[in-house]
1. Mind listing whichever residues of region 76-89 are part of a helix (DSSP H, G or I) and touching a residue at least 24 places away in the same chain (Cβ under 8 Å)?
2. Looking at LYS30, LYS17, which is the one that is of a type in the set (D, E, K, R) and either assigned to a loop (DSSP other than H, G, I, E, B) or more than 13 Å from VAL77 (Cα to Cα) (or both)?
3. Mind listing just one residue for me: the one in region 46-75 that is assigned to a helix (DSSP H, G or I) and over 15 Å from LYS30 (Cα atoms) and, of those, least open to solvent (accessible area, probe 1.4 Å)?
4. Among (1) more than 20 Å from VAL5 (Cα to Cα); (2) free of Cβ contacts under 8 Å to residues at least 40 places away in the same chain, there is one condition ALA41 misses while meeting the rest; what is its number?
5. Scan region 10-28 for residues that are in contact (Cβ under 8 Å) with a residue 24 or more places away in the chain and open to solvent by 60 Å² or more (accessible area, probe 1.4 Å) and jot them down.
Amino acid sequence: MSKQVNETELVAHVAAKTKVDPQKIMIVLKHEQAYMNSAKADAKGDVDVDFDDLVDYVMGKSDVKLDEITVEKILDVEMEYLIKKGVAGYID
């Protein structure tokens, strides 16, 4: 990601859309970031992430006390936010 994202703004946006406690959202996003940091980038610097693998990774963490649907919802809303901000997108 070349552009910076205001984490406080992101968490507030996700919380407003999902009605999930911001602290729980931050835990999910922390694990997502660890997963992304370990993913290999292609020649253009893009990272192709399998959404199901990401959800499984996050759900496997002992401090994640949310159900799978809620984790998926958090990650979906985050991705929508990042696309809107021009920070992320889908690889065709």
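The values are calculated or read from the model by the stated rules, or taken from the named source; none is laboratory data. What you see is a predicted model, and the numbers here were worked out from it, not measured in a lab. Glycine gets a Cβ as well: all are built from the backbone with ideal geometry, and neighbour counts include every protein chain shown. Quick note on the areas: whole protein, heavy atoms, side chains included, nothing else; ligands and nucleic acids left out. Shrake-Rupley method; radii C 1.70, N 1.55, O 1.52, S 1.80 Å.
1. Answer for region 76-89, where residues must be part of a helix (DSSP H, G or I) and touching a residue at least 24 places away in the same chain (Cβ under 8 Å): VAL77, GLU78, TYR81, LEU82.
2. LYS30
3. Taking the candidates together, the pick is THR70.
4. Failing condition for ALA41: (1).
5. LYS17, LYS24
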